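Chemist: Before I ask anything, let me first share the structure, which is written out below as structure tokens.
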Amino acid sequence: MAKLTKRTADMAETRDKISVVWDDELRGFGLRVYPNGRKVYIVKCRIKGQQRFITLGQHGPVTADQARAKAYNILSEAKNGRDPARELDQMRKSPTMKDLGERFLKEHVAVRCKPSTQGEYKRSVELFINPKLGTRKACDIERRDIAEFHHNLRDIPYQANRTLGVLSKMFNLAEVWGLRPDHSNPCLHVKKYHEQKRERFLSPDEYVALGKTLDAIEADGSETRSAITAIRLLMLTGCRLSEIMTLKWDYVDLKAREFRLPESKTGAKVVHFGETAVDVLKSIERIEGNPWTITGRKEGARLTDLQHPWRRIRERAGLPELRIHDLRHSYASGALALGEGLPMIGKLLGHTQVQTTARYAHLASDPLKAAASKVSDTIGKAIWKGQKASVET
């Protein structure tokens with residue numbers, strides 16, 4: 001036995017079989033010498049009653065002092081009941097971020113998420129996470145790595161926040177799968193960027209302009225009837241784009257004036273609509289063998305692209321900045337203008353959380369302002385009339 005230093009490690013003789021030179025200061029710390037001359041630092045400890053040998057590194061790339069420090073930490077952890085050998089083994093077997101992303105997409109996203117969400121998650125993993133973090137081991141990622149990653153996407157804050165959310169889900173599952181210690185999610189406390197919510201609402205004149213444009217396009221045939229019908233239904237029902245584009249006749253009850261959607265962003269829901277929407281639906285030609293309400297050009301298919309027709313239609317209507325989703329916002333603002341309360345608006349739009357509908361709260365003050373103005377003007381006229389009479393007297 002001798003104190004293990006670079007000198008004693010270099011001088012350790014090779015034999016016909018594996019031998020060990022034990023350190024005389026740190027019990028359990030040693031140098032394993034192989035017949036071919038390879039020398040490896042090891043530590044021997046007892047974990048939960050079982051003797052374990054843990055490799056610390058090869059002599060040369062790892063110095064004696066570095067190996068001694070590792071051995072000391074492992075022996076201390078073993079005395080406290082931890083299993084450093086298991087943790088080291090987990091680290092060696094830890095997948096890369098690319099491997100974790102593939103498992104995440106295959107075992108979680110493909111099984112538990114809707115098709116639209118699957119596309120968003122796959123995009124975040126393949127276009128943003130893999131190029132920057134893909135080669136790193138999942139167990140090595142720290143909060144500072146995530147903070148730097150998020151910071152580098154600051155020019156696209158919406159995407160930065162969505163990707164941060166995907167990473168957080170991946171690391172939560174890594175804990176469930178035993179690939180990282182519990183409560184080690186490095187995304188914790190990384191603050192998301194502020195997102196400016198766009199709120200665009202059609203005015204009565206703009207509704208007229210869009211309606212006349214749709215009539216003109218229907219007359220000249222420059223766009224498909226399916227595209228025109230889809231836009232009209234979006235305007236008249238407040239539905240999301242995906243809800244109209246994937247609408248089947250089986251979901252439509254014209255008598256009850258309802259869409260019974262088995263699946264939406266917030267789960268199964270019922271969408272109520274009025275007689276005007278009924279007229280639009282009745283005008284649609286039903287194609288035998290095609291279950292979709294908004295049909296595509298191919299046999300038995302649905303329309304899959306409304307964005308390109310919409311851009312042409314909005315330009316012609318003189319509304320170049322109007323998004324399709326703004327039709328849903330406009331539906332909500334129209335309901336508020338007619339005196340409907342926020343709880344009712346939430347039910348009409350299928351919101352599951354009050355705060356989602358609360359974004360329209362400031363619009364609810366418009367009818368109040370109009371009413372206050374009428375009352376104020378009426379009282380004002382009475383006041384000024386009384387003052388005028390007293391002056392004349």
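Each reported figure results from applying straightforward, stated rules to the coordinates on display, with no laboratory input. Bear in mind that the values here come from a model prediction, so they are computed numbers and not experimental data. Ideal geometry is used to build each Cβ from the backbone, glycine not excepted, and the neighbour counts take in all protein chains shown.
Chemist: Just to confirm a number: summing +1 for Lys and Arg and -1 for Asp and Glu over residues other than T96 whose beta-carbon lies under 10 angstrom from that of T96, what do you get?
Modeler: On the way: positive: K98, R136, K137; negative: D99, E102, D140.
Here the count lands on 0.
Chemist: If we count every other residue with Cβ under 15 angstrom of Y251's Cβ, Lys/Arg +1 and Asp/Glu -1, where does the sum land?
Modeler: Details: positive: R240, K248, K255, R257, R260, K269, R286, R302; negative: E243, D250, D253, E258, E263.
My count for the surroundings of Y251 gives +3.
Chemist: Let me ask something else. Out of L241, C187, N80, whose Cα points farthest toward the positive end of the dipole of the chain (charges: +1 Lys, Arg; -1 Asp, Glu; placed on Cβ)?
Modeler: Of the listed residues, the answer is N80.
Chemist: Now, a different point. If packing is taken as the mean number of other Cβ atoms within 10 Å per residue, what is the order of 188-196, 295-303, 144-152, highest first? Kindly include the intermediate steps, with their values, before the conclusion.
Modeler: Details: 188-196: 11.4, 295-303: 13.7, 144-152: 15.2.
So the order, starting with the most tightly packed, is 144-152, 295-303, 188-196.
Chemist: Counting alpha carbon pairs within less than 8 Å and at least 6 residues apart, what relative contact order, in whole percent, applies to the stretch 6-93? Write out the running numbers ahead of the final one.
Modeler: Numbers: 121 pairs, mean separation 18.0, N = 88.
Reported relative contact order: 20 percent.
Chemist: What value, in deg cm²/dmol to 500, does the helix sum -39500 (n - 2.57) over DSSP H runs of n ≥ 4 give at 222 nm once divided by the residues of the chain? Mind showing how you got there, number by number?
Modeler: Numbers: 17 runs with 188 residues, N = 393.
About -14500 deg cm²/dmol.
Chemist: A further question follows. Please name whichever of Y121, T135, A147 sits farthest to the positive end of the charge dipole of the stretch 97-176, dipole taken about the Cα centre and charges placed at Cβ: Lys and Arg +1, Asp and Glu -1.
Modeler: Y121
Chemist: Quick one: putting +1 on the C-beta of Lys and Arg, -1 on the C-beta of Asp and Glu, what dipole do you get for the stretch 97-176 around its Cα centre, in Debye to the nearest 20? Please list the in-between numbers first.
Modeler: Numbers: 15 positive and 11 negative charges, 38 e Å.
Roughly 180 debye for the stretch 97-176.
Chemist: Between the stretch 283-301 and the stretch 169-200, what is the separation of their alpha carbon centroids in Å?
Modeler: About 42 Å separates the Cα centre of the stretch 283-301 from the one of the stretch 169-200.
Chemist: Over all alpha-carbon pairs of the stretch 97-176, lay out the pair-distance distribution in 5 Å bins, whole %, shortest bin first.
Modeler: 3, 15, 29, 28, 16, 8, 1
Chemist: Can you figure out the FRET efficiency of Y158 with A110, using R₀ = 25 Å and their beta-carbon distance, to the nearest 0.05? If you can, show how the numbers build up before the last one.
Modeler: On the way: r = 24 Å, r/R0 = 0.97.
With a Förster radius of 25 Å, E is 0.55.
Chemist: Please state the charge dipole magnitude for the chain, taken about the Cα centre, from unit charges on C-beta atoms (+1 on K and R, -1 on D and E), reported in debye and rounded to the nearest 20.
Modeler: Working: 69 positive and 49 negative charges, 310 e Å.
I would put it at about 1480 debye.
Chemist: Sum up the charges of everything whose Cβ sits under 12 Å from the Cβ of D279, counting Lys and Arg as +1 and Asp and Glu as -1, but leave D279 out. Before the final figure, lay out each step's value.
Modeler: Numbers: positive: R232, R257, K282; negative: E275.
With Lys, Arg at +1 and Asp, Glu at -1, the net is +2.
Chemist: In whole Å and largest first, what semi-axes does the C-alpha gyration tensor of the chain yield when each eigenvalue is scaled by 5 and square-rooted? Write down the numbers at each step before the final one.
Modeler: Details: eigenvalues 936, 172, 64 Å².
Three semi-axes, in Å: 68, 29, 18.
Chemist: Take the chain, connect every pair of alpha-carbon atoms lying under 10 Å apart with a spring to form a Gaussian network, then pick out the residue of I244, I294, I42 with the largest mean-square fluctuation.
Modeler: I42
Chemist: Okay, next question. Under 8 Å for C-alpha pairs, at least 6 residues apart: give me the relative contact order for the chain, rounded to a whole percent. Working shown, then result.
Modeler: Values: 443 pairs, mean separation 34.3, N = 393.
Reported as a whole number, the value is 9 percent.
Chemist: Sticking with this structure for a sec: Can you find, among G60, W310, L202, the residue farthest towards the positive end of the dipole of the chain? Put +1 on the C-beta of Lys and Arg, -1 on that of Asp and Glu.
Modeler: G60
Chemist: Something else now. Given K122/K265; K3/K70; K6/K48, which pairs have Cα atoms separated by over 24 Å?
Modeler: Violating the 24 Å Cα-Cα cut-off are K6/K48.
Chemist: Volume per residue, Å³, of the convex hull around the alpha-carbon atoms of the stretch 204-364?
Modeler: Numbers: hull volume 19.1 nm³, N = 161.
Dividing the Cα hull volume of the stretch 204-364 by its residue count gives 119 Å³.
Chemist: What is the Cα convex hull volume of the stretch 6-93 when expressed per residue in Å³?
Modeler: Details: hull volume 9.3 nm³, N = 88.
Convex hull volume per residue, Cα atoms: 105 Å³.
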